[in-house]
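What follows is one structure encoded as structure tokens, with my remarks underneath.
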Amino acid sequence: MLWVDKYRPKTLDKVLVHQDIAENLKKLVTEQDCPHLLFYGPSGSGKKTLIMAVLRQMFGASADKVKVENKNWKIDAGTRTIDVELTTLSSTHHVEMNPSNAGFQDRYVVQEIIKEMAKNRPIDTKGKKGFKVLVLNEVDKLSREAQHSLRRTMEKYSASCRLILCCNSSSKVTEAVRSRCLNMRINAPTEEEIVKVLEFIGKKEGLQLPPGFASRIAQQSNRSLRRAILSFETCRVQQYPFTNNQAIPPMDWEEYVSEIASSILKEQSPKRLFEVRGKLYELLVNCIPPDIILKRLLYELLKKLDSELKHEISHWAAYYEHRLRLGQKAIFHLEAFVAKFMSIYKGFLIETFG
Amino acid sequence: MAPLLQSSQPWVEKYRPKQVKDVAHQDEVVRVVTNTLETTNCPHMLFYGPPGTGKTTTALAIAHQLFRPELYKSRVLELNASDDRGINVVRTKIKNFAAAAVGSGRQGGYPCPPYKIIILDEADSMTEDAQNALRRTMETYSKVTRFFFICNYISRIIEPLASRCAKFRFKPLTDEVMSSRISYICREEGLNLDSKALSTLSSISQGDLRQAITYLQGAARLFGSSISSKDLIRVSGVIPGEDVQALFSACKSGNFDLAEKEVGSIIAEGYPVSQMLSQLYDMVVEADDVSDEQKAIICKKFAEADKCLVDGAGEYLQLLGVASNTMRALCNMPQEFSFGN
Ligand SMILES: Nc1ncnc2c1ncn2[C@@H]1O[C@H](COP(=O)(O)OP(=O)(O)OP(=O)(O)O)[C@@H](O)[C@H]1O
Ligand SMILES: Nc1ncnc2c1ncn2[C@@H]1O[C@H](COP(=O)(O)OP(=O)(O)OP(=O)(O)O)[C@@H](O)[C@H]1O
Ligand SMILES: [Mg+2]
Ligand SMILES: [Mg+2]
């Protein structure tokens, strides 16, 4: 088992970061009338961990006994039936899923599952929770229709089905849905907090950490706890005992983006653009999301640019990222950004150096 | 099915008014509707307005006051965005429901008028085709059915439907109304809110009573029965003033890297950028040392970024774009870029 999973705290008492939030959650779920919850925060900040611990707090150890199912829904849409298939993770008390995976049919999944759950409400209400919990991941990726169809359902069935929604950016969750939840912001852990977790894992694994080693990993993690734990484990695999100046390996794809950045800073030409296209393709083929590529590329470029250009380039990065969301072929927009950069940078070089 | 436990309902549901007269702040609506209930002469209705202002509540209350509980099911059809409301459903389900004949006559204190009610909640998410299909249905069965449309955005309802209805705008609740409803809930739940906390709660929920009640319940569970203004801010997701100020100052400094760092930390803290924009907006508009022209340039970009966010653009890049533009405006850097074209 990877360390990220092995050392994921199981209960609210055991968390190493977000202790205050965990304490709050405990109070929140003691009563029967807990409102719907919306967890949001950057990737790798610990949302999932808290949600699993909350379920555990509500339902005890039985929340851990989950089975993975490939569920099929047949939805009657008047003239035709729509087949929707989705993987769910469920215990006797909760169901977890990722409805945005159903693509433009996400609406049907959301509609059906909640009604289904409301019908199978647990009967026992003495001491036990009189409701089931539905965990929906990546709600920021849900279509507008699906979010709309959550609205009234969240009210209508609130006595028998409680929702826990999880997402990265709550700006993308409609106001109407946010207004129906208690919003829990899960901030990215600070570098010190990350160091604490790494040292804890180091101790459990019986590792000797040279001074400053954990904090070097933390600095490179961009405040993502998951990322930090992953690179810690990679270091362990690459070389142990750790040495003082052991390099913390960057992610492969980041190396790659950094190469793209230096190559377009060096030469601005159609030929170079063509070469870069190949590299961008390769990143995409390896499932690196295009918006992440663009952000990283900007990050690398900003390190090298004059402040005047920084404004201009970040403007275009935002411009093309927006287009990328609206369009379908990510590669077009990534390439357009690179071309734009080349033309601006070339203009700048000519102006400055003649 | 086991009986629903009142106690297992979140407070928003527990304190949903059951009678039209208890709906707060929507006086015009309440007056007209109460009249209607007395004469049982009900027009088609269209309720519109922002979230949490009492639209669904009012529609359900009317229906419950018109028909006694045994009749309710056969007389009231509630369809919301979670039901399929494509053209077919409109044609068949609504038709079937509307077509069956009804009797009339007052029964046991309920007016029981001789028509059925079809509540189309969240009607703004119906397709235009489905809405068009409704026009005919409305006409055909106009004697025996009344439609209640509910939506946030009236512009998404096609004109021919809207023009067939009596329209009611639900206003965002004022601070006073909000406070009095909240105080009532506090009394019922045995909570203690000082006047500062009350006014904070009203201002952070911006006229959305549902949001206010949810915050209140959250705060009550987290911080016990004495709730301060600070507790409410903590549950509400409002960004602390210092953090907004920090970004604004970074923009004033003219140092791009500083602003980029602030943007990065706002994202890492998980603050929603839409929220940041609205708080930054307030700060800019109120700033004395920013000229009107600068304000115009800054706010224009806010609008663009807001649109991009709605389209699904990434939060970091949008906020960075806003910060960069704000900086250029505040520091009188050229608005035109020099190299791109
Ligand atoms: N409170 C915590 N205490 C100690 N370790 C934690 C805590 N929260 C998370 N972790 C560790 O960090 C890892 C990542 O956390 P988690 O999966 O909860 O992130 P997430 O917010 O759901 O990320 P994403 O948005 O990318 O899905 C976990 O596998 C766990 O090892
Ligand atoms: N005018 C009001 N008077 C009293 N309570 C209200 C009022 N408006 C909202 N509430 C409270 O907020 C909750 C939600 O209100 P309601 O469902 O009527 O909102 P809505 O206007 O339909 O919003 P949406 O557009 O999001 O569907 C109610 O359960 C009630 O507790
Ligand atoms: Mg996760
Ligand atoms: Mg409503």
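The values are calculated or read from the model by the stated rules, or taken from the named source; none is laboratory data. Remember, it's a predicted structure, so these values are computed and weren't measured experimentally. Virtual Cβ from ideal backbone geometry, glycine too; neighbours counted across all protein chains shown. These accessible areas exclude ligands, DNA and RNA; they are computed on the full protein's heavy atoms, side chains included. Shrake-Rupley method; radii C 1.70, N 1.55, O 1.52, S 1.80 Å.
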field: From A:Lys279, A:Lys295, A:Lys304, residue being surrounded by fewer than 13 Cβ atoms within 10 Å (Cβ to Cβ) and of a type outside the set (A, V, I, L, M, F, W, C)
entry: A:Lys304
query: Which residues, counting only those in region A:127-156, are in a helix (DSSP H, G or I) and within 16 Å of ligand 1 (Cβ to nearest atom)?
result: A:Val139, A:Asp140, A:Lys141
statement: Selection from region B:287-321 of residues among the charged types (D, E, K, R) and either within 17 Å of B:Gln275 (Cβ to Cβ) or in a helix (DSSP H, G or I) (or both) yields B:Asp292, B:Glu293, B:Lys295, B:Lys300, B:Lys301, B:Glu304, B:Asp306, B:Lys307, B:Glu315
statement: Expected output for region A:157-175 (first residue assigned to a helix (DSSP H, G or I), partner among the small types (Gly, Ala, Ser) and open to solvent by 20 Å² or more (accessible area, probe 1.4 Å), Cβ below 9 Å, 6+ apart or cross-chain) is A:Ser170/B:Ser274; A:Ser171/B:Ser274; A:Lys172/B:Ser274; A:Glu175/B:Ser274
- request: Output the residues belonging to region A:16-50 that are over 19 Å from B:Pro272 (Cα atoms), within 22 Å of the chain's Cα centre (by Cα) and either within 16 Å of ligand 4 (Cβ to nearest atom) or open to solvent by 10 Å² or more (accessible area, probe 1.4 Å) (or both).
  value: A:Leu16, A:Val17, A:Gln19, A:Asp20, A:Thr49
field: Restricting region B:52-78 to residues that are hydrophobic (A, V, I, L, M, F, W, C) and out of contact with any Pro (no Cβ under 9 Å at 6 or more places or on another chain), the residue that is surrounded by the fewest Cβ atoms within 10 Å (Cβ to Cβ)
entry: B:Leu71
- request: Scan region B:229-280 for residues that are among the aromatic types (Phe, Trp, Tyr) and either part of a helix (DSSP H, G or I) or more than 9 Å from chain A (Cβ to nearest Cβ) (or both) and report the count.
  value: 2
- request: Determine, yes or no, whether A:Met52 is more than 30 Å from A:Thr190 (Cβ to Cβ) and assigned by TED's automatic domain parsing to the domain that holds A:Ser179.
  value: no
message: Quick check on region A:49-56. Is at least one of its residues within 14 Å of chain B (Cβ to nearest Cβ) and either of a type in the set (D, E, K, R) or away from ligand 2 (no atom under 16 Å from the Cβ) (or both)?
response: yes
statement: For B:Ala287, the lone unmet condition from (1) within 30 Å of A:Lys346 (Cβ to Cβ); (2) more than 9 Å from chain A (Cβ to nearest Cβ) is (1)
query: Has region A:181-203 got at least one residue that is touching a helix residue (DSSP H, G or I) at 6+ places or on another chain (Cβ under 9 Å), hydrophobic (A, V, I, L, M, F, W, C) and within 16 Å of ligand 4 (Cβ to nearest atom)?
result: yes
message: For region A:1-24: of the residues being aliphatic (A, V, I, L, M) and within 16 Å of ligand 3 (Cβ to nearest atom), which is farthest from the other protein chains (Cβ to nearest Cβ)?
response: A:Leu2
task: Residue by residue through region B:10-45, note down the ones that are within 13 Å of ligand 2 (Cβ to nearest atom) and outside any helix (DSSP H, G or I).
output: B:Pro10, B:Tyr15, B:Arg16, B:Pro17, B:Lys18, B:Gln19, B:Val23, B:Ala24, B:His25, B:Gln26
- line: Given (1) open to solvent by 10 Å² or more (accessible area, probe 1.4 Å); (2) in the same structural domain as A:Ala63 (by TED's automatic domain parsing); (3) modelled with pLDDT of 85 or more; (4) not aromatic (Phe, Trp, Tyr), A:Pro122 misses just (3)
- line: Filtering region A:200-215 down to residues that are surrounded by fewer than 17 Cβ atoms within 10 Å (Cβ to Cβ) and within 26 Å of the chain's Cα centre (by Cα) yields A:Phe200, A:Ser215
message: If I filter region A:85-100 for residues that are touching a Ser or Thr at 6+ places or on another chain (Cβ under 7 Å), in a loop (DSSP other than H, G, I, E, B), among the aliphatic types (A, V, I, L, M) and closer than 23 Å to B:Gly270 by Cα, do I get at least one hit?
response: no
message: If I filter region A:309-330 down to residues being open to solvent by 40 Å² or more (accessible area, probe 1.4 Å) and touching a residue at least 24 places away in the same chain (Cβ under 8 Å), which single residue comes out as nearest to the other protein chains (Cβ to nearest Cβ)?
response: A:Arg325
- prompt: Considering region A:155-173 alone, what residues qualify as being closer than 18 Å to B:Tyr215 by Cα, within 9 Å of chain B (Cβ to nearest Cβ) and either within 16 Å of ligand 2 (Cβ to nearest atom) or over 17 Å from the mean Cα position of the chain (by Cα) (or both)?
  reply: A:Glu155, A:Ser158, A:Arg162, A:Val173
- request: Considering only region A:174-190, state which residues are more than 7 Å from chain B (Cβ to nearest Cβ), open to solvent by 10 Å² or more (accessible area, probe 1.4 Å) and more than 16 Å from ligand 2 (Cβ to nearest atom).
  value: A:Met184, A:Thr190
- prompt: Which one of these does B:Ser155 not meet: (1) away from every other protein chain (no Cβ under 14 Å); (2) over 16 Å from the mean Cα position of the chain (by Cα); (3) exposed (fewer than 15 other Cβ atoms within 10 Å of the Cβ)?
  reply: (2)
- line: Inside region A:51-75, the number of residues satisfying the requirement of being part of a strand (DSSP E or B) and surrounded by 12 or more Cβ atoms within 10 Å (Cβ to Cβ) is 4
field: Residue count, region B:1-50 (criterion: on the phi > 0 side of the Ramachandran plot, more than 14 Å from chain A (Cβ to nearest Cβ) and modelled with pLDDT of 90 or more)
entry: 0
message: Checking the structure you have, find out if any residue of region A:223-237 is outside the structural domain of A:Leu297 (by TED's automatic domain parsing) and outside any helix (DSSP H, G or I).
response: yes
- request: Examine region A:254-273 for a residue that is away from ligand 3 (no atom under 16 Å from the Cβ), in contact (Cβ under 8 Å) with a residue 40 or more places away in the chain and within 14 Å of chain B (Cβ to nearest Cβ), and state whether such a residue exists.
  value: yes
